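To start, the structure itself, in structure tokens.
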Amino acid sequence: MARQSIEIAPGAVFYPGYLDRAGQEALLADVRTAILAAPLYHPRMPRSGKPFSVRMTNCGPLGWVSDVEGYRYQGTHPETGAAWPAIPQALLAAWRELSGFAFPPEACLVNYYADGTRLGLHQDRDEKELAAPVVSLSLGDTAIFRIGGTKRQDATFSVKLASGDAFVFGGPSRLAYHGVDRVLPATSTLLAESGRFNLTLRRVTAAK
Ligand code: MD6
Ligand code: FE
């Protein structure tokens, strides 16, 4: 099926409307099931221990965590100690279609933004396999997403990520700085509550 795609920076490809409403509802149901097994929690910043405003959980053999000791991937939920639930099939299908990478993802970070939540400018660089892109899917209210270059001081621009949109961060943009400036309230009817979920799929260990 032909899909609309827009390369907004080298290696940063935006797929507006990647999931239709039925696809979004099915994926949301999978996310709700995962959260029952692995509840959302507030991670803490390395050193300061200050809590993030975004809440997180993970699916997959590995999950990204942050606490006073630093950032890392681990196989278990930091509060329950249980293994993370499996990555939903619909996300594995999106990875196969969008990543261009022959090996499966190992982690799916689930971010939940309540109204007023932001995510500061950061790089995703805790993965060993930087040849694999990060594949992102959004559900719920629209986010103002900011993307820059590989240096913090590089110029940035913003793109609106709406429910069902996919975004692939690969090639020269794999280490680009990015963040979420704000989430626009009441811009989607997908969630019963307000806010937004973002799902990011990552290959963590070296694939070959
Ligand atoms: C978000 N996304 O959209 C946060 N990271 O809520 C990310 O931090 C992100 O969308 C790496 C690649 C794509 C992303
Ligand atoms: Fe990120």
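Just to verify a result, which residue in the range 171-192, among those that are away from ligand 2 (no atom under 13 Å from the Cβ) and either among the small types (Gly, Ala, Ser) or modelled with pLDDT under 95 (or both), is surrounded by the most Cβ atoms within 10 Å (Cβ to Cβ)?
Once the filter is applied, the top-ranked residue is Ser188.
Can you report the number of residues in the range 154-170 which are in a strand (DSSP E or B), more than 13 Å from ligand 2 (Cβ to nearest atom) and not aromatic (Phe, Trp, Tyr)?
Selection size over the range 154-170: 4.
Please count how many residues of the range 132-153 are assigned to a loop (DSSP other than H, G, I, E, B) and either farther than 19 Å from Leu91 by Cα or within 10 Å of ligand 1 (Cβ to nearest atom) (or both).
9
Of all the residues that make up the range 1-21, how many are assigned to a loop (DSSP other than H, G, I, E, B) and free of Cβ contacts under 8 Å to residues at least 24 places away in the same chain?
Residues that pass the stated criteria total 5.
Residue check: is Arg125 in a loop (DSSP other than H, G, I, E, B) and over 17 Å from Ala9 (Cα atoms)?
For Arg125, the condition - in a loop (DSSP other than H, G, I, E, B) and over 17 Å from Ala9 (Cα atoms) - is met.
Which residue is surrounded by the fewest Cβ atoms within 10 Å (Cβ to Cβ), if the candidates are limited to the range 54-76 and must be touching a strand residue (DSSP E or B) at 6+ places or on another chain (Cβ under 8 Å) and part of a loop (DSSP other than H, G, I, E, B)?
Applying the filter and picking the extreme gives Val68.
Among the listed residues Gly63, Gly116, which satisfies the condition of being in contact (Cβ under 8 Å) with a residue 12 or more places away in the chain and away from ligand 2 (no atom under 15 Å from the Cβ)?
Gly116
For the structure I just gave you, tell me whether Val159 is within 14 Å of ligand 1 (Cβ to nearest atom), closer than 26 Å to Lys50 by Cβ and among the β-branched types (Val, Ile, Thr).
Considered against the rule, which asks whether it is within 14 Å of ligand 1 (Cβ to nearest atom), closer than 26 Å to Lys50 by Cβ and among the β-branched types (Val, Ile, Thr), Val159 comes out as no.
So Arg152 clears everything in (1) surrounded by 18 or more Cβ atoms within 10 Å (Cβ to Cβ); (2) over 25 Å from Gln74 (Cβ atoms); (3) basic (Lys, Arg) except one condition, right? Which one?
(1)
Looking only at the range 108-131, count how many residues are under 15 Å from Ser53 (Cα atoms) and either within 12 Å of ligand 1 (Cβ to nearest atom) or polar (S, T, N, Q) (or both).
Total meeting the criteria: 10.
Across the range 1-13, what is the total count of residues that are modelled with pLDDT of 95 or more, touching an Asp or Glu at 6+ places or on another chain (Cβ under 9 Å) and surrounded by fewer than 21 Cβ atoms within 10 Å (Cβ to Cβ)?
0
May I ask you to verify whether Ala90 is surrounded by fewer than 21 Cβ atoms within 10 Å (Cβ to Cβ), under 17 Å from the mean Cα position of the chain (by Cα), aliphatic (A, V, I, L, M) and assigned to a loop (DSSP other than H, G, I, E, B)?
no
For the range 1-40, which positions are more than 11 Å from Phe167 (Cβ to Cβ) and β-branched (Val, Ile, Thr)?
Val31, Thr33, Ile35
Any idea how many residues of the range 155-170 are among the acidic types (Asp, Glu) and surrounded by fewer than 18 Cβ atoms within 10 Å (Cβ to Cβ)?
0
The values are calculated or read from the model by the stated rules, or taken from the named source; none is laboratory data. On a predicted model such as this, the values are computed, not experimentally measured, just so you know. Ideal geometry is used to build each Cβ from the backbone, glycine not excepted, and the neighbour counts take in all protein chains shown.
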